[in-house]
Amino acid sequence: MKRDLATPMLAGAAARPAGLGSGTPLLLDGITHRYGSAVAVNNVSLVIAPGELVALLGPSGCGKTTLLRIIAGLLRQTDGHVKIDECVVDALPPNERGAGIVFQNYALFPHMTVEQNLGYGLRARSAPRGQIVETVDRMLRLVKMEALRNRFPRELSGGQQQRVALARTLAVAPRVLLLDEPFAALDKNLRLDMQIEVKRIQRELSITTIMVTHDQEEALSMADRVAVMDGGRVEQFAPPESIYDRPESLFVARFIGTANLVPGQLRMGASGASFAPTVGGYLSLSVARPCSRSGAAVLSVRPEHWLLMPASADEGLAATVRMVLPLGPTVVNELELADGTPIKVTTVRTATGERLQPGEAVRIGLAPHAAVAVFQG
Amino acid sequence: MGSTVDRVKPQVALKAPALAGRLERGSFNLAMGLLATVAIVLLIAPTVVVLITSFTNGFSLKFPPPGYSLRWYEALFTQSPEIWRAARLSFQVALIATAISTLFAVAAALALARQSATWARLAESVFMSPLMLPTLALGLALLMTFNLMGLGLSFWTLVIGHVAITSPFILRTTLSSLLQLDPVLLQSARSLGASAGFTFRTVTLPLVLPGIAAGAFIAFMASFDNVAISLFLSDARSEVLPIRLLHNIESNLDVRTAAVSGVLIAVTIVAMVVMERLIGISRHIK
Amino acid sequence: MSAVALPISAARARAPWRREWQLALPLGLFFAAFVFFPLLLLGYVSLHAEPTLQQHSLAQYVKFFGDSFNWRVLGNTLLLGLQVTLVALVIGYPVAYLYSVSGRRVQQLLIFLVLLPLLTSAVVRTFAWIVILGRQGIINNALLEWGVIEAPLRLLYTPWAVTIALAQIELALMVLPLITALGHIDPNLAHASRALGAGRWQTFFQVTLPLSTPGLLAGCLLVFAAAVSAFVTQTLVGGGQQLFMPFYIYQQAVQVNDYPFAATIAMALLLSVLAIVTAVNILGRRSKGFVHG
């Protein structure tokens, strides 16, 4: 089945999880943005459920940041509509469309204290003093920064600054929260803690959130659904496990994790399918997707779904071990097929510490119920 | 397979001349240090010499002074009404010229910051030109202009000339401050709900104020000290302080000039320290 | 991967822009009336034969450029500018260099020392040099004390006195742009040069100096322009011995009242300085390419 990349992808609607609470639905309808002759965002349509956390994931230049700025109202798209809570908001500036954005470098006002930063949005809207005080206190509690309310941004650590930036945006009760590479500036240890924090707050407030990131692990661990983008288009919009186990395009299979691509011939049969790699060997598949037409195809198998078998076995493919890298609880085996195609197989470390040796010949097959993907070759 | 690494011998490691290296470094440091010292001595010496001379108890500018006393400061404060008149005029002109310059220049800076259009580049060059071109020519040109317009020379013609030469200073520091302002801060403010006016008042202005103040300070001092413009635009009745001192030096070179210099230097030092404390002016002058 | 300046939205982007250029109007109009127009007038007046402004002609220019005396005055002035620039460069660069390798305390002190002369009046600074170079000044007294000379030397009213005095007075104009330029150079470049085996002199001339060219040119231009126009110092320290353009202008305008001729001299000065500034700027733009990495 040839997927027509030109049609807008409302596929997300089918896989949408049940409503997570009282958040605001967000609809992107045919968003296109051109800079002169270059197309930065190409006909993107997404339906985002209330209270959902969606990650826009993709390599540099894929259009994810441009899309975020369009949703925020900082950039006016060339075509298409943004609808927040059923209303078209294209003509509205950021402050009037209920979109709160947290920038990559936090953009805290250096001449104001934490408290003053937090209250800024409400002061700008001429909210009554009592409301400002109450909201600021509430926000400080939410991000656990009460003790630092009188500090200036330059006196705070990276993680603290980010919490203030987040709280400042939440203080004006936006309907949609937009995060632009929020954890890029933090070091690794802090990142995990902050990811958990942000997810907790997002769940607690049930606020529809869009997060831009280039970090796969971040997207797959935090998001309810991930939109993988490339060249301005959304390649796949699905929950993390679907993205990982059932990539719908070669790009997604390659971008996420290790693809282990094997070219060959797909043969559809009555009770399943079989795949004959070009290098020889034979694999039987229970189901072939997304491509299920007999002919030239490329098979993609995740490293943990390969099964190691002795060289004498009569099924699977022949391979030679190149390197064995123990990595904590797993072992990464770098293998090579007869034609030099590299295959990465991860196995769980055995109690006996037994390992393959470089140069050893083995055969690899598919583990039972392995999730594999077949693409048109 | 032999490795090519073996064949590349480290070139410098085993050679003896740590001495050559040290000589080279020594000669560099010596040359730099010597010249820098000369420059620093040259920078300070005149100021120090004037200050010391102003405390002389003699009647001439002999250095070192034969003895010390405060008599010339006394003479300055009690017997020099014309100097104080000149000082007061200089102060008034500087104050008003700086105020007008600040208004004009800050507005222009707001218009020109982050504009890459050709008209903006051109405008900036034009506005900065008084810094580069002989202001004496401008002084003469203004004199002729006022004659042509039938305006006699007055306090206000003097102010006009001073506004022309002081506005580049304020424009430069304000532009520099505006360019250092992260535009994301402004986007942040707008996305939080602030109107353009609110953003300007609460974010842009406070962050740019130190730059404006630094420019205004330099502008004030430049106006107070200016000779070239004042030379042509002062009339006989109103003399600014630098012109007054110029005439003093040319005619009788009395030691009171040293006392005036002493006072001016002291005031400038105090003003610089205050400005440094208040707004860290050294950051803005560069 | 973020764009630098994103417009708010098409409609809104236009409106603030239109508001903004109007902010430059007050200053623009002021400059048009009180800088541009006067300078045009200056040129216009210079194109007249008589102080009474009856007749258009190039007579004044013929008079100016026809007399070798005038050429000498112009030449002396430009030469003075060049000399002062060179001296300021040679002693000013080490100060900027010292600043760039010093800690915060020393840096603050240096800035203070460099700025103070800049903020005090040219008259005060020149007066200080009169005190130093005068017959009873510190140099003469020192030389007399040490028995090097028997009678006080005439140090004032010599050409090199003007040069030295001006170099000190305008030194800040050379040092400040240099400090900025040196501050922009990636410190790792010098380290890389040293790590590759280059000595300090080599590193300085092949890495540091070329990369500081924008600041260097800016400093030289500022010092040149200031030295050429330094009426007070040229007159007080130079005395009557050498005539420079600024005093010439003043003399012809205010003392002799020959406005067309004075205007001509002023135009000659203006145009020479403009020509030199433009030439150096073009040179500078060519060299900027490799500096901004």
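Listing for the model above:
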quantity	calculated
Listed residues C:ALA165, C:ALA122, C:ALA195, most fluctuating in chain C (Gaussian network, C-alpha, under 10 Å)	C:ALA195
Cα Rg, Dmax, the stretch A:204-327, angstrom units	17.5, 58
Exposure proxy ranking, count of Cβ atoms within 10 Å, fewest first, for C:CYS220, A:CYS87	A:CYS87, C:CYS220
Gyration tensor (Cα) of the stretch A:260-376, equivalent ellipsoid semi-axes in angstrom	26, 14, 12
Residue order, fewest to most surrounding Cβ atoms within 10 angstrom, among C:VAL90, A:VAL176	C:VAL90, A:VAL176
Volume per residue of the C-alpha convex hull in the stretch A:62-175, rounded to whole Å³	120
Kyte-Doolittle at least 0.5, axis length at least 30 Å by Cα - qualifying DSSP helices, chain C	C:68-100, C:259-288
Contact order normalised by residue count of chain C, Cα under 8 Å, 6+ apart, percent	25
Degrees, to the nearest 10: A:114-124 long Cα axis against longest axis of chain A	70
Test item: C:107-120 mean partner chain Cβ contacts at 10 Å	6
Under 5 Å, built H, 5+ apart or other chain: amide partners of A:GLY80	A:THR32
In order through the stretch B:89-101: 3J(HN,Hα) via Karplus (6.51 cos²θ - 1.76 cosθ + 1.60), integer Hz, x for Gly, Pro	5, 4, 4, 5, 4, 4, 4, 5, 4, 5, 4, 5, 4
Eligible aspartates and glutamates near B:LYS62 by straight Cα distance, threshold 18 Å, same-chain separation 8 or greater	B:GLU250, B:ASP254, C:GLU145, C:GLU150
Proximal aspartates and glutamates to A:LYS83, defined as alpha-carbon separation beneath 17 angstrom and excluding residues fewer than eight positions away on the same chain	A:ASP29, A:GLU52, A:GLU96
Sequence-separation-based contact order of chain A, relative, with Cα cut under 8 Å and 6+ spacing, percent	16
Residue exposure sequence - A:HIS369, C:HIS191, C:HIS48, B:HIS162 - by fewest surrounding Cβ within 10 Å	A:HIS369, C:HIS191, C:HIS48, B:HIS162
GNM top mover of C:ARG105, C:ARG135, C:ARG72 - chain C, alpha-carbon springs below 10 Å	C:ARG105
Between the stretch A:287-337 and the stretch A:110-182, the Cα center-to-center distance that results, in Å	50
A:THR24 long-range amide H proximity, modeled H, under 5 Å	A:GLY51, A:THR208
Per residue convex hull volume, Cα atoms of the protein assembly as shown, in Å³	261
GNM top mover of C:LEU173, C:LEU74, C:LEU133 - chain C, alpha-carbon springs below 10 Å	C:LEU133
Tilt relative to chain A, helix A:129-142 - C-alpha long axis, 0 to 90 degrees, to 10	30
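Where a number appears in this text, it was derived from the coordinates with a stated rule and is not lab data. None of the values given here were measured: they were computed from a predicted structure. Every residue, glycine among them, receives a Cβ derived from its backbone with ideal geometry; neighbour counts consider all protein chains shown.
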